[in-house]
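Colleague: Dumping the structure here so I can ask a few things about it.
The values are calculated or read from the model by the stated rules, or taken from the named source; none is laboratory data. As the structure is a computational prediction, the values presented were derived from the model and not from experiment. As a convention, Cβ positions derive from the backbone with ideal geometry for all residues, glycine included, and neighbour counts pool all protein chains shown.
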Amino acid sequence: PVFASALAEAGIGLLFGGMVVTLMPMFVGLYVGRYLLRMNPILLLGGLAGAQTMTAGMAAVQERSGSPVAVLGYTPAVPIGHILLTTWGTVIVGIIAS
């Protein structure tokens, strides 16, 4: 219910900025993993789902591919994603507060 009023107050730039910040790491990760590192696409998508700590994304990759290989990319990325989300959240709040 407050989305329209928040959008009017903050501007459409904030919405598009959030979209860019959310999607850019995924596109860069896909490009680097696929073309520079030549990773298996299923393993790469599992790793990207793990980096976002998104269990539903990993399950979707497994279901669509019919292979459990996505778990091999998901498993090491999840703890790294949790650690970075926790530590960088604190760092960013500290930077903004000072």
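Colleague: Please specify each residue of region 52-69 satisfying the condition of being over 12 Å from the mean Cα position of the chain (by Cα), in contact (Cβ under 8 Å) with a residue 24 or more places away in the chain and within 18 Å of Leu30 (Cβ to Cβ).
Modeller: Val69
Colleague: Consider region 77-98. How many of its residues are modelled with pLDDT of 90 or more and under 10 Å from Ala51 (Cβ atoms)?
Modeller: The qualifying residues number 3.
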